[in-house]
Amino acid sequence: MPTVTEISSRYIDEVAALDPARAERWGVASDPTRLTDYSPAGYGALRSLLQRTLDALSAAEPPRDEAERLGAGFLADWIGGEIGVIDAGERERGLSNIVGDPARVRSVFDLMNHSTPEAWEHIAARLRAVPAAMDGYRATLELGLANGRPAARRQALVVAEQCATWAGNGDGGWFGGFIKDATGAGADAGLQESLEAAARDAGNAYGLLSSWLSDVYAPLASETDASGDERYQHLLGRTVRTPF
């Protein structure tokens, strides 16, 4: 039987592989060219990983010391909270200008290494992954609408405005400004050209998402800002379990 320590270490590695954006926030090594899959399939894969880990904890060797006892309790509590949020459908209406998926994707680039041409090659590859990440996120929100789980209209409009700000006007927006630092890190003309094209595509992806949120999603969204008692219990449970 695996130990709590082994299960915990495996959990970190598997989450980092599945959720590169979270790995960047954790400071854990992961593929620097990929972004997290925020589509329904991506969240389904995360749900499976969480359940496997919870099952492994139930079958683990008894904790060998106080650290493992506390670690097992924390990890089980953490995973239980995240499973609860997914099963309640909250990921299907995850609109937030602070911790929403578009904000997570944008902030990943702040956390990456910017010091060498190789690092900027990784950034270029990750920028090219932005449109697919935004498409996957939109698919999850569309599923939420189909399942009768709209977010509040005010949330949709705030995130739409945020995405429009980052999108710019066909010039790459925030992403176009961000890649200007590559020259100082030694990027050659070919890499700079690749970065500029990827930045424009990333900015355009945010622009498309902004338009969809304001033109399509917002008219179908809820007028009610409050979550209600049942939803609040899930959201509160997830909030107190994670400092990340």
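Show me the ranking of peptides 156-165, 105-114, 122-131 by mean Cβ neighbours inside 10 Å, starting with the highest. If you can, show how the numbers build up before the last one.
Details: 156-165: 19.7, 105-114: 16.3, 122-131: 21.7.
For the peptides 156-165, 105-114, 122-131, the packing ranking is 122-131, 156-165, 105-114.
Taking the Cα centre of region 102-194 as origin, work out the dipole magnitude from +1 charges on Lys and Arg Cβ and -1 charges on Asp and Glu Cβ, in debye rounded to 20. Write down the numbers at each step before the final one.
On the way: 9 positive and 10 negative charges, 124 e Å.
Dipole about the Cα centre, nearest 20: 600 debye.
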What's the center-to-center distance, using Cα atoms, between region 97-165 and region 30-54 in Å? 15 Å
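Please compute one quarter of the surface area of the Cα convex hull for region 1-62 and express it in square nanometres.
Numbers: hull surface 17.2 nm².
The number I arrive at for region 1-62 is 4.3 nm².
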If I compute percent of Cα pairs over 22 Å apart from the structure I just sent, which labelled value in (1) 51; (2) 64; (3) 58 lines up? (3)
Considering the options Ala152, Leu141, Val99, tell which one lies farthest towards the positive end of the dipole of region 94-168, charges being +1 on Lys and Arg and -1 on Asp and Glu at the Cβ, about the Cα centre. Ala152
Tell me the carbon and sulfur percent of the accessible area for the chain, rounded to whole percent, probe radius 1.4 Å. 53 percent
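Could you report region 76-178's accessible area per residue, 1.4 Å probe, as an integer in Å²?
Details: 4100 Å² over 103 residues.
Here the per-residue accessible area is 40 Å².
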So what's the back-of-envelope 222 nm ellipticity for the chain, counting only DSSP H runs of four-plus at -39500 (n - 2.57) apiece and dividing by all residues, rounded to 500? -21500 deg cm²/dmol
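Given 25 °C and 0.890 mPa s, compute D for region 1-136 with the Stokes-Einstein relation, Rh being the Kirkwood radius over Cα pairs; round to the nearest whole µm²/s. Intermediate results must be reported in sequence, preceding the final value.
On the way: Rh = 16.2 Å.
D, rounded to a whole number, is 151 µm²/s.
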Qualifying GluC sites (Glu not before Pro) in region 86-147, DSSP loop, other Cβ atoms within 10 Å at most 11: none
Burial-style ranking of 24-32, 59-67, 11-19, average other-beta-carbon count within 10 Å with highest first, yields 11-19, 24-32, 59-67
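The values are calculated or read from the model by the stated rules, or taken from the named source; none is laboratory data. Computed from a prediction, not measured in an experiment: that's the story for all the values here. All Cβ positions, glycine included, derive from the backbone under ideal geometry; neighbour counts span all protein chains shown. For the accessible areas, the whole protein counts, side chains as well, though only heavy atoms, and no ligand, DNA or RNA atoms are used. Shrake-Rupley method; radii C 1.70, N 1.55, O 1.52, S 1.80 Å.
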